[in-house]
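Here's the structure, in structure tokens; my notes come after.
The values are calculated or read from the model by the stated rules, or taken from the named source; none is laboratory data. The shown structure was predicted, so the numbers you read here are calculated from the model rather than taken from an experiment. Note that each Cβ is placed from the backbone with ideal geometry, even for glycine, and that neighbours are counted across all protein chains shown. All accessible areas refer to the heavy atoms of the entire protein, side chains included, with ligands and DNA or RNA removed. Shrake-Rupley method; radii C 1.70, N 1.55, O 1.52, S 1.80 Å.
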Amino acid sequence: MPTSIARSIVIALAAALVVACSGAPTAGPAGGASATATPVAKVRMQDDGTTGTPKSGGRLKMLIRLDATELDPHKTNETSSYLVNESTYESLLEAVSGEIKASLAESWTVTPDGLAYTFKLRPNVKFHSGRPLTSADVKYSIERIMDAATASPRRANYAGINTIETPDASTAVFKLRTPFAPFLALMATSGASIVDKGVVDAGGLNGAVDGGTGPFVVKERVKGQQIVLDKNPSYWRSGMPYLDGITITFNPDDNARTAAVKSGTVDFLWRAAPEFIESLKADSNLKWYGGIGSLSLHMVVNTKKKPFDDVRVRQAIFHALDRDQILAVANSGLGTTLKAGYLPPDRWGSIKEPIYDRPDTAKAKALLTEAGYPTGFKTTLLVISTSAFQVRSAEAEQQQLKAIGIDVELKPVEATVANPAIAAGNFDMYQSGFSMTLDPDEIFSRAFLSTGGNNYGKWSDPEYDALIVKARAQTDRAEREKTYQQAERILATRGPAAMTWASADFDVVQKKVMGYKGDPTPGYRFYRELWLNQ
Amino acid sequence: MTRVLATIPVLLGIVLLAFVLMRLVPGDVVDAMLAESAQDPLVAAELRRVFGLDRPAPVQLLDYLGGLARGDLGTSLRTGRPVLEEIGARLPATLELAIAALIVSLIVAIPSGVISATRRNRLPDYAARAVSLFGLSVPNFWLGILLITLFAVQLRLLPSGGFASFSDPVTNLKLLIMPAVTLGASIAAVTMRMTRSSLLEVLEQEYVRTARSKGLRERSVIYGHALRNALIPVVTILGIQTGRLLGGTVVIEQVFGWPGIGSMVVRAISQRDYPLIQGSVVFLALTFVLVNLAVDILYLYLDPKLRRG
């Protein structure tokens, strides 16, 4: 039964929060560490109450930070591209606030051994070129990601797929090598978009033409200036999209982006800068949404180097940090402190109770003494200089570690300098963050598994590894969550990283923009439901 | 002709410098592309092979110079489009902003410089000098934000930023006003100060005294005799400023979301898009050289003495 499977792999994330906070504006977020009620809602994912019947027509002017340099959904790893692609491309499935739903596949089944997934394609779906979608396109698209020549940054995630068979034009069967619980979540990402081979062959997917089936079509693309999306008139969801189109422009300057929405120059400001949230919230001409983010921040230590090879030194750091202060300094207090593992308490798989509620300097000093560093030590902290909030995080961490005698020298460098250094293990500590994924397996695996591609702390813990491998094969959702909570506890108490805080993202729109349905996953599929009340 | 030929080694040196500097900076385009994802060594190796980055640096350089000799600036590693096409796409916006800023600065600077010089140490002079000091010292981006806050957010007279194609001239001009004024302000300040001091110097010259003693009206002494000669150093300054206008407008481009060459180069540097960086540097250097050549030619017109020499 597809629905039961769907239910079984629901990634709850903040679904509860979304529901809880769609009520009165004074409602505080439910659950988690931020459960204290505040006069103004901290989280708001859609309009309160009824907003009337959607009207069709009008063009939305949207402002984002950076232009998308690579729009090929299989190749890109830019946020700007995900935002565009989730309106122009579709995958077999889609995730709405963590819940897996049908998209290009109208139904799916999985064999009891978890090794074969059969997808039935929706009839009457056409690519923007007008060509009907068939199972051959599904096979072509996923195999394109798996082909090393495509150089997809997510290729490794697809390694578990053995074969893709197409018994008929509307059926695709995926055979896996081993059971892989996150498989459906993977098929719901925009990275797994089904693309039009004709467009790939004619000039690739990074030109002025897209190869998708989505509610919007790329109409015009002027580098550094704008991406113009037009309504797809033959979209399979009848009546959608409501907008005639979306014109996306770019500006990396936080001040200028704030001014653009305040002045009415744009209708939709994507991800307002944290420093300006208060003033934007106070503007009576505007509406804001958000409060939940998708970026999880931390400070990783090199466990192959002294003194970080000693778990007591790592524990001393975990106890020394004041995460509330770091969040206040780094992001104006917007976001969630991470007082246990990398997942915020409102996400599926997380530990709900804090392990490091308040800093414990005495305990931290005792641990350092036990490890043989009674007077502390000198070390360095690498941080990406172009990310203001990460620099502020690092500065706060530097100050706090001084209290237990650890003398930290900050090394702010560009991302292109930091990343190879980190990958090569040339660091003592680095301040960083990762985007949380729809299914937590991806981060658990690639960042902390001893064989993980991003396990830059070179951490190895057989007990942790066994839990992550076990979780992949667990089809019972509740059981799987328990396994992740065990893994989180190991990470938090002896892992290679001090988790600090998770971001909060905010979108700000003009009053006339209706139909916003925030998705902290993050997701941008809801743009097809936006409409203008004018 | 010798001057034109002399630019070739200069350009070659610049290419070499850009090439070497970019490769001295740690991290390459593949690192930048895979920054956020699991570094799959197979994928990274494939990308480096496709981009030709697996070849020794001297081979890459020779290959690039060979292309350059044929007028081929290469292909952007991130967009796959020819570099010349990328520059061409950004050039109109950059030129429009540069020319508009130049016009704004001239309209403000020359008259105020003349007024300041002719009413030396009187109120108009003090006022003009104070304003120019402000224009000179205020950071570009701050003035830009100030204008946006006033004209876009408070008065809602102008859009806060962005760019419209020339097919929509009204919107295009509306969007041009604030960046042109912001950028023009700093150039106006320099130009005004130069006009003032140069004119003051010229007004001390004997031929001006002669003109005055001939009984010419002050107006024709200034505009007919003095100003033309006073403008020669101003033109030099403008030539240098024009070079700055083309490449150094990054901050203004960012604040106003103006899609020019400056912001493209900054993005290319952070992405380590070598061909695009090198191509843009060559292009900007060439433009700078050509502007200075034009300035030299303008001298001949302004100063007949140079025509014989």
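Taking segment A:261-368 as the region of interest, the helices (runs of 4 or more DSSP H) fully inside it that hold 1 or more residues being touching a strand residue (DSSP E or B) at 6+ places or on another chain (Cβ under 7 Å), over 30 Å from A:LYS458 (Cα atoms) and open to solvent by less than 20 Å² (accessible area, probe 1.4 Å) are A:277-281. Taking residues in segment A:496-524 that are within 18 Å of A:ALA259 (Cα to Cα), and partners anywhere that are hydroxyl-bearing (Ser, Thr, Tyr) and not in a loop (DSSP other than H, G, I, E, B), the pairs with Cβ atoms closer than 6 Å and at least 6 places apart or on different chains are A:ASP507/A:TYR289. Of the numbered criteria (1) within 17 Å of the chain's Cα centre (by Cα); (2) surrounded by fewer than 23 Cβ atoms within 10 Å (Cβ to Cβ), the one A:ASP439 fails is (2). Among the residues of segment A:207-234, those that are farther than 26 Å from A:ALA159 by Cα, open to solvent by less than 20 Å² (accessible area, probe 1.4 Å) and in a loop (DSSP other than H, G, I, E, B) comprise A:ASP210, A:GLY214, A:PRO215, A:GLY224, A:ASN232. Summed over segment A:183-206, the residues that are in contact with a Lys or Arg (Cβ under 8 Å, 6 or more places away or on another chain) and surrounded by fewer than 22 Cβ atoms within 10 Å (Cβ to Cβ) give a count of 3.
Does any residue of segment A:153-160 turn out to be within 11 Å of another protein chain (Cβ to nearest Cβ), more than 23 Å from the chain's Cα centre (by Cα), closer than 30 Å to B:PRO82 by Cα and without any contact (Cβ under 8 Å) to a residue 60 or more places away in the chain? Looking for residues that are within 11 Å of another protein chain (Cβ to nearest Cβ), more than 23 Å from the chain's Cα centre (by Cα), closer than 30 Å to B:PRO82 by Cα and without any contact (Cβ under 8 Å) to a residue 60 or more places away in the chain, one finds none in segment A:153-160, hence no.
Filtered by the rule that a residue be at pLDDT 85 or above and in contact with a Ser or Thr (Cβ under 7 Å, 6 or more places away or on another chain), segment B:273-309 gives B:ASP273, B:PRO275, B:LEU276. Every condition in (1) away from every other protein chain (no Cβ under 11 Å); (2) over 19 Å from A:GLU99 (Cα atoms) holds for A:PHE434 except the one numbered (1). When you check A:ILE194 against the structure, is it at pLDDT 95 or above and closer than 30 Å to B:PHE141 by Cβ, yes or no? So A:ILE194 does not fit the description; no. I'm trying to understand the selection: among the residues of segment B:125-141, which are within 14 Å of another protein chain (Cβ to nearest Cβ) and open to solvent by 90 Å² or more (accessible area, probe 1.4 Å)? The one that is within 14 Å of another protein chain (Cβ to nearest Cβ) and open to solvent by 90 Å² or more (accessible area, probe 1.4 Å): B:PHE141. Restricting to segment B:32-67, give me the number of residues that are open to solvent by less than 40 Å² (accessible area, probe 1.4 Å) and either at pLDDT 80 or above or more than 10 Å from chain A (Cβ to nearest Cβ) (or both). Qualifying residue count, segment B:32-67: 7.
Only one of the numbered conditions (1) open to solvent by 20 Å² or more (accessible area, probe 1.4 Å); (2) within 14 Å of another protein chain (Cβ to nearest Cβ); (3) under 29 Å from A:LEU93 (Cα atoms) is violated by A:GLY452, and that is (1). For segment A:369-385, the candidate set comprises residues that are touching a strand residue (DSSP E or B) at 6+ places or on another chain (Cβ under 9 Å) and polar (S, T, N, Q); within that set, the residue that is most open to solvent (accessible area, probe 1.4 Å) is A:SER385.
Evaluating B:SER160 against the criteria (1) outside any helix (DSSP H, G or I); (2) at pLDDT below 85 leaves one unmet condition, (2). For segment A:60-113, a residue qualifies if it is among the hydroxyl-bearing types (Ser, Thr, Tyr) and assigned to a loop (DSSP other than H, G, I, E, B), and the qualifying residues are A:THR69, A:THR76, A:TYR89, A:SER91, A:SER97, A:SER103, A:THR111.
Of the listed requirements (1) hydrophobic (A, V, I, L, M, F, W, C); (2) in a helix (DSSP H, G or I); (3) surrounded by 17 or more Cβ atoms within 10 Å (Cβ to Cβ), B:LEU95 misses just one: (3). The residue of segment B:242-261 that is surrounded by the most Cβ atoms within 10 Å (Cβ to Cβ), among those that are within 14 Å of another protein chain (Cβ to nearest Cβ) and modelled with pLDDT under 85, is B:THR249.
Inside segment A:469-513, can you point out the residues that are open to solvent by less than 10 Å² (accessible area, probe 1.4 Å), of a type outside the set (Val, Ile, Thr) and assigned to a strand (DSSP E or B)? If the condition is that a residue be open to solvent by less than 10 Å² (accessible area, probe 1.4 Å), of a type outside the set (Val, Ile, Thr) and assigned to a strand (DSSP E or B), then A:ALA497, A:ALA498, A:MET499, A:TRP501, A:ALA502, A:PHE506 are the ones that fit. When B:ARG156 is tested against (1) within 10 Å of chain A (Cβ to nearest Cβ); (2) under 22 Å from A:ARG65 (Cα atoms); (3) not aliphatic (A, V, I, L, M), just one condition goes unmet, and that condition is (2). Name the residues in segment A:236-249 that are in contact (Cβ under 8 Å) with a residue 24 or more places away in the chain and surrounded by fewer than 22 Cβ atoms within 10 Å (Cβ to Cβ), would you? Residues satisfying the conditions are A:TRP236, A:ARG237, A:GLY239, A:MET240, A:TYR242, A:ASP244, A:GLY245, A:THR247.
Residues of segment A:137-152 that are at the interface with chain B (Cβ under 10 Å from one of its Cβ atoms) and within 24 Å of the chain's Cα centre (by Cα): A:THR150, A:ALA151, A:SER152.
Only one of the numbered conditions (1) under 14 Å from the mean Cα position of the chain (by Cα); (2) touching a residue at least 60 places away in the same chain (Cβ under 8 Å); (3) open to solvent by 20 Å² or more (accessible area, probe 1.4 Å) is not met by B:ASP296, and that is (1). Just one residue in the set B:ILE107, B:ILE99, B:ILE103 is away from chain A (no Cβ under 12 Å), more than 23 Å from B:VAL250 (Cα to Cα) and modelled with pLDDT of 90 or more; that residue is B:ILE107. When you look at A:GLY57, is it assigned to a loop (DSSP other than H, G, I, E, B) and modelled with pLDDT of 90 or more, yes or no? Yes; evaluated as a whole, the condition is true for this residue. The set of residues in segment A:62-83 being open to solvent by 20 Å² or more (accessible area, probe 1.4 Å), under 22 Å from A:VAL138 (Cα atoms) and facing chain B (nearest Cβ under 10 Å) consists of A:GLU70, A:LYS75, A:ASN77.
For segment B:163-214, the set of residues classified as within 14 Å of chain A (Cβ to nearest Cβ), open to solvent by 50 Å² or more (accessible area, probe 1.4 Å) and not in a helix (DSSP H, G or I) consists of B:SER165, B:PHE166, B:SER167, B:ASP168, listed by residue number. Among all residue pairs at least 6 apart or on different chains, which show Cβ distances below 7 Å where the first residue, located in segment A:255-266, is within 7 Å of another protein chain (Cβ to nearest Cβ) and the second is part of a helix (DSSP H, G or I) and surrounded by 24 or more Cβ atoms within 10 Å (Cβ to Cβ)? Qualifying pairs under 7 Å: A:ALA256/B:ILE148; A:ALA256/B:VAL255; A:ALA259/B:ILE148.
Inside segment A:84-112, residues that are among the aliphatic types (A, V, I, L, M) and open to solvent by 10 Å² or more (accessible area, probe 1.4 Å) make up a count of 4.
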